[in-house]
1. Out of B:ASP182, B:ASP171, B:ASP141, B:ASP129, which single residue is modelled with pLDDT under 95 and either touching a Lys or Arg at 6+ places or on another chain (Cβ under 8 Å) or of a type outside the set (S, T, N, Q) (or both)?
2. Can you tell me which of (1) at positive phi; (2) free of Cβ contacts under 8 Å to residues at least 12 places away in the same chain is the one A:HIS9 doesn't meet?
3. Out of A:SER209, A:SER216, report the one residue that is under 19 Å from A:ILE43 (Cα atoms) and within 14 Å of chain B (Cβ to nearest Cβ).
4. Looking for something of a type in the set (Phe, Trp, Tyr) and under 30 Å from B:LYS214 (Cβ atoms) - is there at least one such residue anywhere in the stretch A:239-257?
5. Suppose we keep only residues that are away from chain B (no Cβ under 13 Å) and either open to solvent by 10 Å² or more (accessible area, probe 1.4 Å) or among the charged types (D, E, K, R) (or both) within the stretch A:258-282. Which one would you say is farthest from A:ALA224 (Cα to Cα)?
6. Every residue in the stretch A:1-23 that is within 14 Å of another protein chain (Cβ to nearest Cβ) and within 25 Å of A:TYR285 (Cα to Cα), please.
7. Given the options A:ASN95, A:ASN99, A:ASN75, A:ASN55, name the one that is within 12 Å of another protein chain (Cβ to nearest Cβ), of a type in the set (S, T, N, Q) and in contact (Cβ under 8 Å) with a residue 60 or more places away in the chain.
8. Answer yes if at least one residue in the stretch A:118-130 is more than 14 Å from chain B (Cβ to nearest Cβ), of a type in the set (Phe, Trp, Tyr), at negative phi and surrounded by fewer than 16 Cβ atoms within 10 Å (Cβ to Cβ), and no otherwise.
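The values are calculated or read from the model by the stated rules, or taken from the named source; none is laboratory data. Given the structure is predicted, the values throughout are model-derived calculations rather than measurements. Here the Cβ positions follow ideal geometry from the backbone for every residue, glycine too, while neighbour counts run over all protein chains shown. Protein only, heavy atoms only, side chains kept; ligands, DNA and RNA dropped before computing areas. Shrake-Rupley method; radii C 1.70, N 1.55, O 1.52, S 1.80 Å.
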Amino acid sequence: MTNLEVNIHGLTLKNPIMTASGTFGNGYEYSDFFDVSCLGGIILKATTAEKRDGNPYPRMAETANGMINAVGLQNKGVDFFETDIYPKVKYFNTNVIANVAGSSIESYVEVARRMNRFEHIAAIELNISCPNVKQGGMSFGTKPESAREITSAVREVYDKTLIVKLTPNVTSVVDIAEAVIEGGADAVSLVNTFMGMAIDVETRKPVISTITGGVSGPAIKPMALRMVWQVAKAVKVPVIGIGGISTAEDVVEFLLAGATAVEIGTANFINPRATVDALEGLRKYMADHKINDVKELIGGLL
Amino acid sequence: MIIIGNTRISDDYFILECKDSQPLPCIKPGQFAHIKVEGNPSVYLRRPFSIHDCNYEKNTISFLIKIVGNGSATLSQLKENEVVSIVYPLGNGFSDEVAAEGKSLLIGGGVGIAPIFFLAKELKRNKCDYDVLLGGKKVSDLLCYSQLKQFCSVFCTTEDGSEGTRGFVTDHEIMRNISRYDRIFCCGPTPMMKAVGKKACDNGIFCEVSLENKMACGFGVCLCCVTPTNDGNRCVCTDGPVFNINELKW
């Protein structure tokens, strides 16, 4: 019997495969394709204190083996979350994790405090790494001091598992990881998107309305893997790997680099069954390599 | 799905016919499909295309596609019996159920004729009263013109005057007497849809347009394909692609 179970600071995941925030809606959008409760966790689209309409169209550009987005945290706010989203997601038979974003420390704290009250929200992922908003987002996540400060402010009001999602747009992601752990993070997830841009050579204008956006997809996987490996070596808390993961082989790579679990993101757009396909592939990989417990793979790089 | 036909109808356009091994779900004109493009490293995302026709007996759907970039150019090379991944049907179609009463005007511009042709066939099947107005730069852009003429009344305009009235669809004489129609269904380039929408608005006529924004997911999770509406930014893929013009901030 293969054991796929992993632990993120007291949070038990039935398998290490989760969904990356912003690529999986609120989970139910994928129910036509497969039973989403089979995943280790579902990380919901970011929630902010107030409703946000996001950035103007165009918000997306296709790039080689990936895409750039500048959605800008469009969501209907935490009140709507309580009345319209939570009543639906609470029935998933897996870990439902809220992604919390904001424009000020107070607004992050406000959303985290509200999320703390929802019995079926197993954990929060603190988004201090969104590159597509003018205030907040990545600006908190690029300096160790502000990353530590916002994490500890949220820690004071949030009792369950606190994951902090890190940006790769820094000189030393290890420094930021260590700072948020000092601030009270139970786990770190990395990486959010890499800042990038695309230009339309016919019009000589930027392809997306905000000029720059966040690059995701297989194109960023090697850099993400390197950062996960560096952070996993340096810290003692669980690391969740994100960045271009599309297949079971990608999942195994991130586990070997030291990730305890992974989040699959952009691949969901191209293959709505990417997560469940990767899960089936992971089972097959373990069977083929006579691995009984997935934990044997974590940090198993030789 | 399996490709059972790929017919080049001119330098710029082709019709792709695909067969599903399963019975087709119910498909409404205006709904679209998201097609995965294989074998071109510069194409990563799926490409959305309006469903142009469907055949419930043969379990086939077809797409009328204009070659505009890498994605459509790669799809134009597909051969019979090749397998393609297609997610369908997606989005909301035209409100064709309201066409049972009164008279409708269907307006298609360029490759926007693809869903208009499907809608015309459905309205014919449901014995609705309607006219079709096609617009294009030149006569070769008047797609499906001869097919449509076989079963409904069709008017047309071309910018170069090579067929029908010279100019845009809004220059056609039937647009001067637009009040004889109870509703308009329209798909084409955005400036055309805006001009038609304005005409409909000015005359208080029900008007639906089908938008074509760039998409990543196609089913409402990435929030990339949004259009500004009275209710904020909404997804073209799941809230549209067909919108009533009164909802849009045009």
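1. Working: B:ASP182 fails: modelled with pLDDT under 95; B:ASP171 fails: modelled with pLDDT under 95; B:ASP129 fails: modelled with pLDDT under 95.
Among B:ASP182, B:ASP171, B:ASP141, B:ASP129, only B:ASP141 is modelled with pLDDT under 95 and either touching a Lys or Arg at 6+ places or on another chain (Cβ under 8 Å) or of a type outside the set (S, T, N, Q) (or both).
2. Here A:HIS9 clears every test but (2).
3. Values: A:SER209 fails: under 19 Å from A:ILE43 (Cα atoms).
Result of the check over A:SER209, A:SER216: A:SER216.
4. Applying the first criterion (of a type in the set (Phe, Trp, Tyr)) to the stretch A:239-257 yields A:254.
Next cut, under 30 Å from B:LYS214 (Cβ atoms) only: A:254.
So far as the stretch A:239-257 goes, yes, one or more of its residues are of a type in the set (Phe, Trp, Tyr) and under 30 Å from B:LYS214 (Cβ atoms).
5. That would be A:GLU280.
6. So in the stretch A:1-23, the residues within 14 Å of another protein chain (Cβ to nearest Cβ) come out as A:19-23.
The answer is A:THR19, A:ALA20.
7. Numbers: A:ASN95 fails: within 12 Å of another protein chain (Cβ to nearest Cβ); A:ASN99 fails: within 12 Å of another protein chain (Cβ to nearest Cβ); A:ASN75 fails: in contact (Cβ under 8 Å) with a residue 60 or more places away in the chain.
The unique qualifying residue is A:ASN55.
8. So in the stretch A:118-130, the residues more than 14 Å from chain B (Cβ to nearest Cβ) come out as A:118-129.
Imposing the further condition that a residue be of a type in the set (Phe, Trp, Tyr) reduces the set to A:118.
Filter once more, keeping what is at negative phi: A:118.
Then keep just the ones that are surrounded by fewer than 16 Cβ atoms within 10 Å (Cβ to Cβ); that gives none.
The answer is no; no qualifying residue exists.
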